[in-house]
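Below: one structure, written as structure tokens.
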Amino acid sequence: MTPPEAAAISDRALVLYALVRRASIELVVRETGDDRRIEQAEKARAETDRWLDREDLVDALTAVERRLFAASSGAWPPEAIADGLWRKESLGVLLWSLEHLGALPPIDDEFEVSVLNQRIEAYGSESAFRANGRLRDAGEIERAWSEADAWLAATEGRTGDDATIASISAERLHALTWLRDAAAAPA
């Protein structure tokens with residue numbers, strides 16, 4: 001297993017940052033159906049496309065992410081919106097792995113999107129964000145992976161609060177698996 005380098009992790013974090021933001025916009029569009037919101041969302045979508053190009057992140061997108069980002073505003077199915085919103089857990093793990101966050105929240109506590117956004121935006125530019133990431137010790141990543149794996153095994157398929165813990169642990173496990181081995185599906 002060969003872990004990804006800090007630069008690749010930073011790029012994936014920026015992609016997930018954009019994906020979570022787009023999923024949030026898609027949720028508002030779906031819930032309101034307001035033409036004005038769709039128009040605003042289309043402007044945001046065009047700006048995101050320019051940003052992905054400007055920051056050389058297009059190659060960091062998965063095939064699914066390419067299709068989602070290319071879709072017109074309001075076109076995301078409910079499942080894609082839900083998945084996009086849960087990606088905040090992977091984003092949080094990546095920011096933690098680069099020491100942009102001091103600790104992972106407990107497994108029954110979701111990352112707050114506003115905190116994640118602030119940790120990226122605090123540097124003032126994407127290049128400064130990328131330059132300030134310091135890869136966490138592999139042992140810490142391994143311990144976090146073991147914890148997420150154990151929680152997923154204990155809660156997968158359950159309902160209620162356990163379903164939320166299963167979703168959190170599944171998303172974190174996905175990110176931590178990639179952090180352990182760059183050949184795995186990206187976070």
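The values are calculated or read from the model by the stated rules, or taken from the named source; none is laboratory data. Values in this document were obtained by computation on a predicted structure and should not be read as measured data. So basically every Cβ, Gly included, is an ideal-geometry build from the backbone, and we count neighbours across all protein chains shown.
Residues checked against (1) more than 16 Å from the chain's Cα centre (by Cα); (2) in contact (Cβ under 8 Å) with a residue 12 or more places away in the chain:
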position	(1), (2)
103	yes, no
134	yes, yes
143	yes, no
152	yes, yes
157	yes, no
163	yes, no
168	no, yes
181	yes, yes
(message) Yes or no: the stretch 56-74 includes at least one residue that is out of contact with any helix residue (DSSP H, G or I) (no Cβ under 9 Å at 6 or more places or on another chain), farther than 15 Å from residue 16 by Cα and in a loop (DSSP other than H, G, I, E, B).
(response) no
(message) Looking for something free of Cβ contacts under 8 Å to residues at least 12 places away in the same chain and of a type in the set (Gly, Ala, Ser) - is there at least one such residue anywhere in the stretch 170-178?
(response) no
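Hey, could you check the stretch 77-133 for residues that are part of a helix (DSSP H, G or I) and of a type in the set (D, E, K, R) and say which is farthest from residue 156 (Cα to Cα)? Show your work before the answer.
Here is the first cut: in the stretch 77-133, the residues part of a helix (DSSP H, G or I) are 78-86, 88-97, 113-121, 126-131.
Subsequent filtering for residues that are of a type in the set (D, E, K, R) retains 79, 83, 88-89, 119, 121, 126, 130.
Details: 79: 18, 83: 16, 88: 19, 89: 16, 119: 30, 121: 34, 126: 36, 130: 34 Å.
By that ranking, first place goes to 126.
Please work out which residue is surrounded by the fewest Cβ atoms within 10 Å (Cβ to Cβ), limiting yourself to the stretch 34-73 and to residues that are of a type in the set (D, E, K, R) and touching a Phe, Trp or Tyr at 6+ places or on another chain (Cβ under 9 Å).
Of all residues in the stretch 34-73, those of a type in the set (D, E, K, R) come to 34-37, 39, 42-43, 45, 47, 49-50, 53-56, 59, 65-67.
Next, from what is left, pick out any that are touching a Phe, Trp or Tyr at 6+ places or on another chain (Cβ under 9 Å): 45, 49.
Numbers: 45: 18, 49: 14.
Only one residue tops the list, namely 49.
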(request) May I ask you to list the residues in the stretch 91-108 that are among the charged types (D, E, K, R) and either in contact with a helix residue (DSSP H, G or I) (Cβ under 8 Å, 6 or more places away or on another chain) or modelled with pLDDT under 95 (or both)? (result) 108
(request) Kindly indicate whether residue 76 is farther than 20 Å from residue 9 by Cβ, of a type in the set (A, V, I, L, M, F, W, C), out of contact with any Lys or Arg (no Cβ under 6 Å at 6 or more places or on another chain) and surrounded by 13 or more Cβ atoms within 10 Å (Cβ to Cβ). (result) yes
(request) Please enumerate the residues belonging to the stretch 87-117 that are surrounded by fewer than 22 Cβ atoms within 10 Å (Cβ to Cβ) and of a type in the set (Asp, Glu). (result) 99, 108, 109, 110, 112
